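Visitor: So that we are looking at the same thing, I have put the structure below in structure tokens.
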Amino acid sequence: MSEPTNTKPRISARLAGIAESATLAVDAKAKALKAAGRPVIGLGAGEPDFPTPDYIVQAAIEAAKDPASHRYSPAGGQPALKEAIAAKTLRDSGYEISPGSVLVTNGGKQAVFQAFAAIVDPGDEVLLPSPYWTTYPEAISLAGGVTVPVFAGAERDYKVDVDMLEAARSNRTKALLLCSPSNPTGTVYTREETESIGRWALAHGIWVITDEIYEHLVYGDAEFTPLLSVVPELADTTIVVNGVAKTYAMTGWRVGWLVGPQDVVKAATNFQSHLTSNVANVSQRAALAAVSGDLTAVDEMRVAFDRRRRLVVDLLRGIDGFEVPEPKGAFYAYPSVEGVLGREIRGTTPRTSAELAALILEQVEVAVVPGEAFGPSGFLRLSYATSDENLTEACGRIAELLA
Ligand SMILES: Cc1ncc(COP(=O)(O)O)c(C=O)c1O
């Protein structure tokens, strides 16, 4: 029998290069330990702990009974949902769009992926403020692009400015990713900061992908600024990513969207027509109820998140070696833990935040995501989308470990 002659790798280079989502991995590990009977507290996942509001669930039940839901629908989204997204954009962001500039996707995640796929060619550089959400670099590299991280640390509230972006710009720069309120840091750019970055992008012909999925989750005196409300001239070179997951506690329903110029939306819709076709009709009808309804349920959840935010920040600031900028949006705290690294803790000396996160899970059974998932080592991300009791207990355990 002759030897096989095909020496090509089994897995394509494109997919072999993709890392597992670190946040989902931490969450899975925490859930597995919990299922095995361990008293693990999971602060890893980025999802609200509330059930989806009932009027949304009811709309889905009706939709499931409607035979129209049992068939394919237009790949780019149900017309009624696209119209409702246009109306919601006017209500929440203050500018008009046409339903034709909306593409409904399987979650904001697919919108991110398709946004990069639509505008990035091999070799194009994408400026990515760091710490960044773990999915962006993977989506950029799948499109053949090159991620250029622009790091901003805790001392500057994790915010980049125009000078930092300018220093990273080259003649290969195609796009900039903005995410405010931010996952993982919780930082929220002010109106002035958003405008100055937008004007800089406009002046240099740089596309902007602005991920506004946490738009309704801002606290205290922070305000969310939709990019196109302050620099409307960018509309022709901006893709807005959004979705129902975070605002309406709908992570499992998988509905997001992108809003962009007609040629981008057309190209991305063609792509989606081969990739996934329409988003599940029942989920689209649930999303329609969500975005057409008022924001009462969202306001209630925000009040709870805000209380937990203040609680967690207080508790974390009490831990020696943690530096904790105030998160103003989303539902994450992002302490710098440099002050703890290199210290001996119960016989081991963690030198990276990945080692520290592993130690915390092993010793006190609290799951947090290390900074390495979002850029440089030296940070931990803790989601406060869980009960006050869990937060108090989890931070107490970490404090005791590091005391
Ligand atoms: C910044 C950001 N954008 C987009 C998403 C995608 O959310 P989904 O795909 O659940 O709609 C997430 C989810 O974690 C996120 O944190």
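The values are calculated or read from the model by the stated rules, or taken from the named source; none is laboratory data. As the structure is a prediction and not an experimental result, all values here were calculated from the model. For neighbour counting, all protein chains shown are included, and Cβ atoms are generated from backbone atoms with ideal geometry for every residue, glycine included. Ligands, DNA and RNA are excluded from the accessible area calculation, which covers all protein heavy atoms including side chains. Shrake-Rupley method; radii C 1.70, N 1.55, O 1.52, S 1.80 Å.
Visitor: On the principal axes of its Cα set, how long, how wide and how thick is the range 363-403? Give whole Å, largest value first.
Guide: 30, 25, 13
Visitor: If you place +1 on the Cβ of every Lys and Arg, -1 on the Cβ of every Asp and Glu, and leave all else neutral, what size is the dipole of the chain about its Cα centre, to the nearest 20 Debye?
Guide: Values: 36 positive and 49 negative charges, 232 e Å.
The calculation lands at about 1120 debye.
Visitor: Tabulate in residue order the Karplus-calculated ³J(HN,Hα) for the range 372-386, using 6.51 cos²θ - 1.76 cosθ + 1.60 with θ = phi - 60°, rounded to whole Hz; enter x for Gly and Pro.
Guide: Ordered by residue, 3J(HN,Hα) equals 4, 6, 10, x, x, 5, x, 9, 10, 10, 10, 7, 9, 7, 8 Hz.
Visitor: Using Cα springs under 10 Å in a Gaussian network model of the chain, which residue among P122, P226, P335 shows the largest mean-square fluctuation?
Guide: Maximum fluctuation in the GNM of the chain, among the listed residues, is at P122.
Visitor: Just to be sure I understand: of the beta bridges DSSP finds with both ends in the range 71-292, what percent are antiparallel, rounded to 5? Write out the running numbers ahead of the final one.
Guide: Working: 8 of 26 bridges.
The antiparallel proportion sits near 30 percent.
Visitor: Let me ask you something else. Find how much the distance from A28 to S12 grows on full extension, using 0.36 nm per residue of separation minus their present alpha carbon separation; answer in nm with one decimal. Please list the in-between numbers first.
Guide: Values: separation 16, 0.36 × 16 = 5.76 nm, distance 2.58 nm.
This chain segment gains 3.2 nm when fully extended.
Visitor: Here's a follow-up. Which far-off residues, 5 or more places away or on another chain, put their amide H under 5 Å from the one on I239, with H placed in the peptide plane?
Guide: Those lying under 5 Å, H to H, from I239 are V208, I209, T210.
Visitor: Then there's this: Let me check the size of the range 71-292 from its C-alpha atoms; what are the radius of gyration and Dmax in Å?
Guide: Over the range 71-292's Cα set, Rg and Dmax evaluate to 16.3, 53 Å.
Visitor: Suppose the chain between D388 and L275 were pulled fully straight at 0.36 nm per residue; how much longer would it get relative to their current alpha carbon spacing? Present the calculation step by step, with values, prior to reporting the outcome.
Guide: Working: separation 113, 0.36 × 113 = 40.68 nm, distance 4.11 nm.
That pair, D388 and L275, stretches by 36.6 nm at full extension.
Visitor: Moving to a separate point now. In nm, to one decimal, how far is the modelled label at D294 from the one at D236, with both set 7 Å along Cα→Cβ?
Guide: For D294 paired with D236, the spin-label model returns 4.1 nm.
Visitor: Oh, and also: Is the range 217-262 best put as rounded, prolate or oblate by its Cα gyration tensor, with a ≥ b ≥ c the root eigenvalues, rounded for a/c under 1.5, and otherwise prolate when a/b is larger than b/c, oblate when not? Working shown, then result.
Guide: On the way: a/c = 5.63, a/b = 1.23, b/c = 4.59.
It comes out oblate by the Cα gyration axes.
Visitor: With bins 5 Å wide starting at 0, give me the P(r) of the range 258-403 over every alpha carbon pair, in whole percents.
Guide: Bin by bin from 0 Å, the calculated values are 2, 9, 14, 16, 13, 9, 10, 10, 9, 6, 3, 0.
Visitor: Given axes a ≥ b ≥ c from the Cα gyration tensor, I'd like to know whether the range 121-178 is rounded (a/c under 1.5), prolate (a/b larger than b/c) or oblate. List each step's numbers first, then the result.
Guide: Working: a/c = 3.27, a/b = 1.44, b/c = 2.27.
Oblate, because a/c is 1.5 or more while a/b does not exceed b/c.
Visitor: Rank by packing, highest mean first: peptides 364-372, 25-33, with packing defined as the count of other Cβ atoms within 10 Å averaged across residues. Intermediate values should be presented prior to the final figure.
Guide: Numbers: 364-372: 22.7, 25-33: 17.1.
Output ranking for 364-372, 25-33: 364-372, 25-33.
Visitor: Report in % the part of the accessible area of the chain that belongs to carbon and sulfur, leaving out ligands and nucleic acids; probe 1.4 Å. Kindly include the intermediate steps, with their values, before the conclusion.
Guide: Working: 9240 of 17340 Å².
C and S fraction of accessible area: 53 percent.
Visitor: Determine the percent antiparallel among the DSSP beta bridges restricted to the chain, to the nearest 5.
Guide: Here the antiparallel bridges make up roughly 45 percent for the chain.
Visitor: Cβ under 14 Å from R14's Cβ, R14 left aside: what net charge do those residues give with Lys, Arg +1 and Asp, Glu -1? Could the numbers behind the result be given before it?
Guide: On the way: positive: K8, R10; negative: E138.
With Lys, Arg at +1 and Asp, Glu at -1, the neighbours total +1.
Visitor: Over the Cα atoms of the chain, each weighted equally, I'd like the Debye log10 I(q)/I(0) at q = 0.06 Å⁻¹, rounded to two decimals.
Guide: Debye intensities relative to I(0), on a log10 scale: -0.24.
Visitor: Between the DSSP loop rule and a limit of at most 16 other Cβ atoms within 10 Å, which trypsin sites (Lys or Arg not before Pro) in the range 271-347 are left?
Guide: Taking the range 271-347 and a limit of 16 other Cβ atoms within 10 Å, the loop trypsin sites (Lys or Arg not before Pro) found are R343, R346.
Visitor: Here's another thing I want to ask about it. So, for the chain, what is the accessible surface per residue at a probe of 1.4 Å, expressed in square angstrom?
Guide: Details: 17340 Å² over 403 residues.
Each residue of the chain exposes 43 Å² on average to a 1.4 Å probe.
Visitor: Take the alpha carbon gyration tensor of the range 275-324, find the square roots of its eigenvalues, order them as a ≥ b ≥ c, and report rounded if a/c is under 1.5; if not, report prolate when a/b exceeds b/c, else oblate. Working shown, then result.
Guide: On the way: a/c = 6.60, a/b = 2.17, b/c = 3.05.
Since a/c reaches 1.5 but b/c is at least a/b, the shape of the range 275-324 is classed as oblate.
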